[in-house]
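For reference, the structure discussed in these notes is given below.
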Amino acid sequence: MASQKALEEKKGIVSEITDKIKTSESVILFQYQGLTVADLSVLRNKLRDVNAEIKVYKNTLLKRAVDDLNLSLDGFLEGPNAILFGNDLLEPIKVIADFAKENEKLDIRVGIISGDIADINTIREYASIPSMDGLLTMFASGLIEHLRNFAIGLNLYAEQKEEN
């Protein structure tokens, strides 16, 4: 039978995982088997830039934490898994999806986005959304186009009035 100290330590880890899932906008579970330490360091540095982190927990402790949150990750908690916790919704997903494209050994399994389970297709959709700067640029371009057309219309109207 496990000692009381070991049980308390495991309860603390489960509580830590639960808190991280609750406070993270994006949580991605992925397999990293086959990646080198250097690859993982590069990924960690890229994620640190977008205020996200990677942790590795025992699958049994992770299962207890998601069960406490009434989430089901059955079928995904097998093998060596790592979990990404991101405070931002899109940027960590974009970083890990881009990294997975470059490194075939990284396998994104499932995610928890804003408290809901997200399959790989949903994660890919989120990864394809442009960044906030890109979206603002698209919006500004759309506004400028309308202003340009309005200015051309006013100019044509003014020229027509001058001819009369």
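The values are calculated or read from the model by the stated rules, or taken from the named source; none is laboratory data. Just so we're clear, the structure is a prediction, and the values are computed from it rather than from any experiment. As a convention, Cβ positions derive from the backbone with ideal geometry for all residues, glycine included, and neighbour counts pool all protein chains shown. Protein only, heavy atoms only, side chains kept; ligands, DNA and RNA dropped before computing areas. Shrake-Rupley method; radii C 1.70, N 1.55, O 1.52, S 1.80 Å.
Criterion first (open to solvent by 40 Å² or more (accessible area, probe 1.4 Å), closer than 26 Å to MET132 by Cα, in contact (Cβ under 8 Å) with a residue 24 or more places away in the chain and of a type in the set (D, E, K, R)) does GLU53 satisfy it?
Considered against the rule, which asks whether it is open to solvent by 40 Å² or more (accessible area, probe 1.4 Å), closer than 26 Å to MET132 by Cα, in contact (Cβ under 8 Å) with a residue 24 or more places away in the chain and of a type in the set (D, E, K, R), GLU53 comes out as yes.
Find all pairs meeting these conditions: Cβ atoms under 7 angstrom apart; at least six residues apart or on different chains; first residue within region 99-122 and within 19 Å of ASN70 (Cα to Cα); second residue open to solvent by 50 Å² or more (accessible area, probe 1.4 Å) and assigned to a strand (DSSP E or B).
VAL110/ILE117
Are any residues in region 18-40 in contact with a strand residue (DSSP E or B) (Cβ under 9 Å, 6 or more places away or on another chain), in a helix (DSSP H, G or I) and closer than 17 Å to GLU104 by Cα, and if so, which ones?
LEU40
Scan region 1-30 and report the pairs whose first residue is in contact (Cβ under 8 Å) with a residue 12 or more places away in the chain and whose second residue is in a helix (DSSP H, G or I) and of a type in the set (Lys, Arg), with Cβ atoms within less than 7 Å and a gap of 6+ or a chain change.
Here the result reads VAL14/ARG64, each pair linking region 1-30 to a residue that is in a helix (DSSP H, G or I) and of a type in the set (Lys, Arg).
Which of the residues belonging to region 1-20 are touching a helix residue (DSSP H, G or I) at 6+ places or on another chain (Cβ under 7 Å) and open to solvent by 60 Å² or more (accessible area, probe 1.4 Å)?
If the condition is that a residue be touching a helix residue (DSSP H, G or I) at 6+ places or on another chain (Cβ under 7 Å) and open to solvent by 60 Å² or more (accessible area, probe 1.4 Å), then LYS10 is the only one that fits.
Taking the conditions exactly as written (without any contact (Cβ under 8 Å) to a residue 60 or more places away in the chain and among the polar types (S, T, N, Q)), does ASN87 satisfy them or not? Write out each step before concluding.
Working: without any contact (Cβ under 8 Å) to a residue 60 or more places away in the chain: no; among the polar types (S, T, N, Q): yes.
Here the answer is no, as ASN87 does not meet what is asked.
How do the strands (runs of 3 or more DSSP E) wholly within region 41-135 filter down when requiring 2 or more residues that are at pLDDT below 90, within 11 Å of the chain's Cα centre (by Cα) and of a type in the set (A, V, I, L, M): which remain?
Values: elements: 52-55, 81-86, 107-113, 116-118.
It comes to 107-113.
Output the residues belonging to region 1-17 that are among the hydroxyl-bearing types (Ser, Thr, Tyr) and not in a helix (DSSP H, G or I).
SER3, the sole residue that qualifies.
Out of everything in region 21-40 that is among the charged types (D, E, K, R) and surrounded by fewer than 18 Cβ atoms within 10 Å (Cβ to Cβ), what residue ends up being farthest from the chain's Cα centre (by Cα)?
Among residues in region 21-40 that are among the charged types (D, E, K, R) and surrounded by fewer than 18 Cβ atoms within 10 Å (Cβ to Cβ), the one farthest from the chain's Cα centre (by Cα) is ASP39.
Let me confirm something: among ALA118, ALA127, ALA140, which residue is touching a strand residue (DSSP E or B) at 6+ places or on another chain (Cβ under 7 Å), surrounded by 10 or more Cβ atoms within 10 Å (Cβ to Cβ) and small (Gly, Ala, Ser)?
Of the residues listed, the single one that is touching a strand residue (DSSP E or B) at 6+ places or on another chain (Cβ under 7 Å), surrounded by 10 or more Cβ atoms within 10 Å (Cβ to Cβ) and small (Gly, Ala, Ser) is ALA118.
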